[in-house]
Amino acid sequence: MNVSSPNNLMNLTRNTKDRVYKGSNFFECERPERYKRYSGSKIPLNTLIEENSLFSSNPVMQVLRKILSPAFGVTSVKYYKHQPELLRSVPSAGGCYPIDIYLLIRSVKGFPPGVYYYSPIENGLYFVSEQNDFTTLDLTLIELDKELDIHFIFTISPWRSCWKYSYRGYKYSLIDAGHVMFNVKVILDSLKIDHHIYTQVNPQPVRTFLDINDEEVPIGIISFNISEEQDQSIEVAPPLNSGSCLVDSKHIPHLFDWGPIYAFEQLSIPNSKPSKDWLCSSKTSPTFDYDTLLKLLTTRRSSSSFERTYISKDSLEFVLSGMYKSELPFNIYCVVHSVQNMIPGIYKYEDGFKLLKGDELRESSWEICFNQEIVKNSSIVLYFSSKFEGINDKENAALFKKYLIEAGFIGQLCYILANHQGLGVSSIGGFYDDKIEEFLELQPNEEVLLSTVLGLPEKSEKKIKEDLFRLNIPEN
Ligand SMILES: Cc1cc2nc3c(=O)[nH]c(=O)nc-3n(C[C@H](O)[C@H](O)[C@H](O)COP(=O)(O)O)c2cc1C
């Protein structure tokens, strides 16, 4: 087998009945860090810390604070056999968090123009380097956006996930990144800040601009202005010291064949100039006010166990119609186990339920999803699929990557809408791709990219993950 063919990556990232990624500790090596550390000046985003007060009082900083921490910050701690794990406002397959966010500030009063790194662990912005020439970055932006002041750049470091999930970790990295990008998008919507979201970028100029190595892949950009917030009376902050990266999650080349991933990465680099096709035009429906959204994002958790009971059809329709109206490029299949006033079976949701097959399918759902108990006890399993003609040409490779990121969008939207309805939810990446195709009777070339389960969270103490989150829930 020529493992460096990009199409092989598609095969290698699929779980089939006879081949599944190995589980945790896939390679006998140290777990990679899930974030970077920088030296240099740090601007804290924590409202309680008053140092750097010129930044704290800057109105743009107040908006950035409203976005970054709820979109990607630490919201809880979980213990695995006394080993603390920091959890974020977004879910991540296996808690690997293979995503980083950089900010490019082109022109904001009070901020030196340049590259900043958001540290979710420290909830602060590190000043990485001063930049006055943005021509390299502009190579990946459409004409309109070259004037915009703020660009969030999202990168993935696949090793943080491939370490655990082998090639499937590459897929998870893109989906995880989509979860984070979608959070930024919904917050900008709630703040009524217009923005453009790139789910396709040319990684090379961005990598050069950020000065990052080949193991980190720029995969998305969100560009916007906060012009109405700018105030001419803002004082210019003192100079910042630029820093360098201290901890990086380097992959270990001799333990893993990166050929298929590199081949795919090369192929998916767009030939054409940036165009509107690179943007994701998904809609948020409904748009939440900021305070409601803040609560939904910062109290979000993945359910680990469900009561085996019925959920209401109205709540489910709220979730599904929100996802359908988002106009993301997915078919939505529903495997109903126990929803009030619905016959169990397989449905397709297209602004209403279309029954494809009535049957009791709990056992099948369970087997397809690696015998995960959470799936067996869920009230409904959702599958999001798209069509791909392989990934051997540029157009399809780029589309595959774009859709994986956007699968994270629909996954995160599912979390937000389900939480709003008081339903428990979890993304599910552990399933057999070949079994699902058979089970849902998918069209040729139709591929399920992500699944989520919904239900009523289990109340029994012993079934809940040992998670400080529940102890930390604010009283009001
Ligand atoms: C792409 C993706 C796939 C996931 N797959 C599974 C899964 O198969 N089974 C499961 O129990 N949780 C799954 N999760 C949930 C993660 O385990 C969870 O997000 C992580 O442990 C962090 O916990 P939190 O979401 O409560 O913050 C998945 C999450 C994502 C984003």
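We did not get these values from a lab; they are worked out from the coordinates using the rules stated. Note that the structure is a prediction, hence the values are computed from the model and not measured. A quick note on method: Cβ atoms are made from the backbone with ideal geometry, for glycine too, and the neighbour counts reach across all protein chains shown.
Structure notes:
- Those residues of region 357-384 which are within 11 Å of the ligand (Cβ to nearest atom) and farther than 16 Å from Ser426 by Cβ, in sequence order: none
- Condition met for Leu103 (under 15 Å from Ile43 (Cα atoms), touching a His at 6+ places or on another chain (Cβ under 8 Å), in contact (Cβ under 8 Å) with a residue 24 or more places away in the chain and not basic (Lys, Arg)): yes
- Hits in region 92-109 - residues which are surrounded by 18 or more Cβ atoms within 10 Å (Cβ to Cβ) and closer than 15 Å to Met61 by Cβ: Leu103, Ile105, Val108
- Residues of region 404-453 satisfying the condition of being more than 17 Å from the chain's Cα centre (by Cα), in contact (Cβ under 8 Å) with a residue 40 or more places away in the chain, more than 28 Å from Leu293 (Cα to Cα) and assigned to a loop (DSSP other than H, G, I, E, B): Phe431, Tyr432, Glu441, Leu442, Gln443, Asn445
- Residue match in region 170-189 (condition: in contact (Cβ under 8 Å) with a residue 12 or more places away in the chain, surrounded by fewer than 24 Cβ atoms within 10 Å (Cβ to Cβ) and in contact with an Asp or Glu (Cβ under 7 Å, 6 or more places away or on another chain)): no
- Matching option when the condition is more than 24 Å from the chain's Cα centre (by Cα) and of a type in the set (Lys, Arg), among Lys401, Lys387, Lys394, Lys357: Lys357
- Pair list, Cβ < 6 Å and 6+ apart or interchain, from region 81-100 residues that are over 13 Å from Arg34 (Cα atoms) to residues that are within 11 Å of the ligand (Cβ to nearest atom) and part of a loop (DSSP other than H, G, I, E, B): Pro91/Ser302
- Residue match in region 58-71 (condition: in contact with a Lys or Arg (Cβ under 6 Å, 6 or more places away or on another chain) and either away from the ligand (no atom under 11 Å from the Cβ) or among the hydrophobic types (A, V, I, L, M, F, W, C) (or both)): no
- Of everything in region 72-103 that is in contact with an Asp or Glu (Cβ under 7 Å, 6 or more places away or on another chain) and polar (S, T, N, Q), the residue that is farthest from the ligand (Cβ to nearest atom) is Ser76.
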